[in-house]
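S.K.: Just dropping this structure here.
The values are calculated or read from the model by the stated rules, or taken from the named source; none is laboratory data. Just so you know, these numbers come straight off a predicted model, no measurement behind them. Reconstructed Cβ throughout: ideal geometry from the backbone, glycine too, with neighbour counts over all protein chains shown.
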Amino acid sequence: MSCTMFETVSYALATAVPPLADAAQLARENINAGGGDAITLGSLWLSILLSGVVVFVASSIIWMATPLHKHDYKNPGEGSGPILEGMRRGNLPVGVYFLPWVDHKKEPAAMEAFHQGPWALLYVTGKPNIGKNLGAWFVHLLIVGVVVAFVMAHANIGPGAGYFDVFRVAGSAGLLAHGGYALPMAIWHGLPWKQVPARLVDAVVYALLTAGCFAGFWPEATG
């Protein structure tokens, strides 16, 4: 699976990055030629696309070439057989399940099982499709870019603003977008608390890269 993911990412980079690099200067000239004092979503299209590509690359490197998330997913070992067999017998559809289940009736048997434990959140998914997941992840990154661009267009920062004036606002919006759900994941969705720092490191890296894409290609003032 790792090899397939690497090949998919490599192909995406080979096809997407060179055209972006070749178009960067022309795109900036077109953006600056638009004139006017207002920043629009359309004038930030290159930053949106570039931030998506750059963060996609960074996330691939972080997850495949660094030890940051090496132990996020654990092998249940010999326990996997009974777990899988129980799932097959239950014929569970795709969804999220809490075990042991207790509803509002709080029946004695259910309450006893609840207090005895163990407790788990069980995520039942469809068959993994790395290519589809990577595509969905890239679309998500583009959506984040659009949201950051929307914030920037309404942040009272005009064309020709200083690099760090743009950087700090875009970085703040990017940090909220990429890392804002790390704590709720641990609070409500079973993410181990010891994994939260790594998720926040991801968010900081992604936010800095996003901020750099917006600050580096911010429209210049035209007089």
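S.K.: Quick test of your reading of the structure: Phe98 fulfils all but one of (1) surrounded by 13 or more Cβ atoms within 10 Å (Cβ to Cβ); (2) in contact (Cβ under 8 Å) with a residue 24 or more places away in the chain. Name the failing condition by number.
M.R.: The number of the failed condition is (1).
S.K.: Could you look through segment 171-215, keep only residues that are of a type outside the set (A, V, I, L, M) and not in a helix (DSSP H, G or I), and pick out the one that is nearest to Asp72 (Cα to Cα)? Give the steps one after another, and end with the answer.
M.R.: Within segment 171-215, the subset of a type outside the set (A, V, I, L, M) is 171-172, 174, 178-181, 184, 188-190, 192-195, 197, 199, 202, 206, 210, 212-214.
Subset that is not in a helix (DSSP H, G or I): 180-181, 189-190, 192.
Working: Gly180: 19, Tyr181: 17, His189: 14, Gly190: 12, Pro192: 9 Å.
The residue in question is Pro192.
S.K.: A further question follows. From the list Asn133, Asn156, pick out the single residue that is over 21 Å from Tyr97 (Cα atoms), modelled with pLDDT under 95 and loosely packed, with under 15 Cβ neighbours inside 10 Å. Break it down into steps so the answer makes sense when it comes.
M.R.: Working: Asn133 fails: modelled with pLDDT under 95.
Just a single option satisfies the conditions, and that option is Asn156.
S.K.: Given (1) loosely packed, with under 10 Cβ neighbours inside 10 Å; (2) of a type outside the set (Val, Ile, Thr); (3) under 30 Å from Ile48 (Cα atoms), where does Ala109 come up short, assuming only one miss?
M.R.: For Ala109, the failing item is (3).
S.K.: Still on this structure: When the residues of segment 36-67 are filtered to those that are assigned to a helix (DSSP H, G or I) and among the hydroxyl-bearing types (Ser, Thr, Tyr), which remaining residue is farthest from Phe167 (Cα to Cα)?
M.R.: Applying the filter and picking the extreme gives Ser60.
S.K.: Farther than 30 Å from Val96 by Cβ and among the β-branched types (Val, Ile, Thr): is that true of Ile187 in this structure? Reasoning before the result, please.
M.R.: Numbers: farther than 30 Å from Val96 by Cβ: no; among the β-branched types (Val, Ile, Thr): yes.
It is false that Ile187 is farther than 30 Å from Val96 by Cβ and among the β-branched types (Val, Ile, Thr).
S.K.: Hey, His178 hits all of (1) of a type outside the set (Asp, Glu); (2) over 30 Å from Ala120 (Cα atoms); (3) at pLDDT 95 or above but one; which does it fall short on?
M.R.: (2)
S.K.: So, one more: Within segment 89-145, how many residues are closer than 24 Å to Leu191 by Cα and either among the charged types (D, E, K, R) or part of a loop (DSSP other than H, G, I, E, B) (or both)?
M.R.: 16
S.K.: Filter segment 91-121 down to residues that are over 32 Å from the mean Cα position of the chain (by Cα) and either closer than 30 Å to Leu134 by Cα or of a type in the set (Asp, Glu) (or both) and give me whichever is modelled with the highest pLDDT. Even if it seems obvious, please write down each step before you answer.
M.R.: So the first thing to find is which residues in segment 91-121 are over 32 Å from the mean Cα position of the chain (by Cα), and the list is 102-117.
Next, from what is left, pick out any that are either closer than 30 Å to Leu134 by Cα or of a type in the set (Asp, Glu) (or both): 103, 107, 112.
Details: Asp103: 84, Glu107: 86, Glu112: 89.
Once the filter is applied, the top-ranked residue is Glu112.
S.K.: How many residues does segment 188-207 hold that are in contact (Cβ under 8 Å) with a residue 12 or more places away in the chain and within 18 Å of Leu68 (Cα to Cα)?
M.R.: Taking segment 188-207 and keeping what is in contact (Cβ under 8 Å) with a residue 12 or more places away in the chain, we get 189-190, 195-196, 198-207.
Retained after the next criterion (residues that are within 18 Å of Leu68 (Cα to Cα)): 195-196, 198-207.
Residues flagged as in contact (Cβ under 8 Å) with a residue 12 or more places away in the chain and within 18 Å of Leu68 (Cα to Cα) within segment 188-207 amount to 12.
S.K.: Go over the candidates Pro128, Pro197 one by one and state the one that is modelled with pLDDT under 95 and either farther than 30 Å from Gly86 by Cα or exposed (fewer than 11 other Cβ atoms within 10 Å of the Cβ) (or both).
M.R.: Values: Pro197 fails: modelled with pLDDT under 95.
Selected residue: Pro128, the only one of Pro128, Pro197 that is modelled with pLDDT under 95 and either farther than 30 Å from Gly86 by Cα or exposed (fewer than 11 other Cβ atoms within 10 Å of the Cβ) (or both).
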